[in-house]
Each structure stands twice: as C-alpha cells, then as structure tokens.
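A.B. asks: Here's a structure for you.
The values are calculated or read from the model by the stated rules, or taken from the named source; none is laboratory data. In this text the structure is predicted, and so the values were computed from the model without any measurement. When we count neighbours, we look across all protein chains shown, and the Cβ atoms used for this are built from the backbone with ideal geometry, even at glycine.
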Amino acid sequence: MSLLDNLMRQKADARRAELHKSLLHRHAKLGGQLFGPIPVGNRREFFCLDEHTWVWHEEWTDQQTRQRHAVTTRYDVRPNGVLKSQGNNSYQQLSVGEAQNLRTAVRRYHELVSADLQQQMAA
C-alpha cells in the first residue's frame, strides 16, 4: 500500500469516526427527550452505546444548594437479563418494573432514531 493510499484510508477512517460520534451525540439528545421536557440548564441523554449497552445520563442543579449533580446509569444487556450500574457502584439485576420501563424506553428510542434517520436521508 502506498503512502498516499494509507493517508487516504486514515482520513476516511477519521471522517467515519467523527460522523459516528456526531450521530451518537444527536441520538443521545433525542433519547433524553423521551421522558418529557428537559428543564433549562439541565442535561439528559439516553442512548445505545453498543449492541449490549444502554446509557442514561442526567445533570441538574439543585435549586436550594445551587450544587451541580450528575448521574450516569449503565445498562448491560446479557443473555440472562439486564444489569445496571450507577457511578462506581457494582452491577445489580434490574427489577421486573425497571426492565419493563427500559424495554419501553428502548422501543421509543428506536422509533425516534429511525424517524430522525429517515428525515436526514430525505433532506
């Protein structure tokens, strides 16, 4: 492979990675809107990181103490169930209710993202 071919491949790989990152951020924001309006100054994201991992992230400011808070929940889908972890805590099995809520959120996320992708392709 020539130097030029190698440089062109690296550039294409970098562009693909940047597009993937941009799309992931866009869909994370869309996913955060699934659960209602996001108050001004807050941040909420829900997204599929890979084929086995879902992430819920929320940031807000406590109105009384003015302290900033952030919570990230990671859901790992495994053959025998879904495990969740928040922060540095160990993984724990989801309750039946939590699993049903996650399944509903995942379905709604897929609908939202599919509609967004179709809209982007039509533009």
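Residue by residue, here is whether (1) without any contact (Cβ under 8 Å) to a residue 24 or more places away in the chain; (2) over 26 Å from His20 (Cβ atoms); (3) surrounded by 11 or more Cβ atoms within 10 Å (Cβ to Cβ) holds:
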| site | (1), (2), (3) |
| --- | --- |
| Ile38 | yes, no, yes |
| Asn88 | yes, yes, no |
| Ala99 | yes, yes, yes |
| Tyr109 | no, no, yes |
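A.B. asks: Assuming Gly32 fulfils every condition listed in (1) outside any helix (DSSP H, G or I); (2) modelled with pLDDT of 90 or more; (3) in contact with a strand residue (DSSP E or B) (Cβ under 8 Å, 6 or more places away or on another chain) apart from one, which condition is it?
C.D. replies: Of everything listed in (1) outside any helix (DSSP H, G or I); (2) modelled with pLDDT of 90 or more; (3) in contact with a strand residue (DSSP E or B) (Cβ under 8 Å, 6 or more places away or on another chain), Gly32 misses just condition (1).
A.B. asks: Considering only residues of region 1-36 that are of a type outside the set (A, V, I, L, M, F, W, C) and more than 20 Å from the chain's Cα centre (by Cα), which is surrounded by the fewest Cβ atoms within 10 Å (Cβ to Cβ)?
C.D. replies: Result: Ser2.
A.B. asks: For region 37-51, enumerate the residues that are within 12 Å of the chain's Cα centre (by Cα) and of a type outside the set (A, V, I, L, M).
C.D. replies: Arg44, Glu45, Phe46, Phe47, Cys48, Asp50, Glu51
A.B. asks: Could I ask something else about it? Of the residues Val106, Val77, which single one is over 17 Å from Leu34 (Cβ atoms) and in contact with a strand residue (DSSP E or B) (Cβ under 8 Å, 6 or more places away or on another chain)?
C.D. replies: Val77 is the lone residue from the list that is over 17 Å from Leu34 (Cβ atoms) and in contact with a strand residue (DSSP E or B) (Cβ under 8 Å, 6 or more places away or on another chain).
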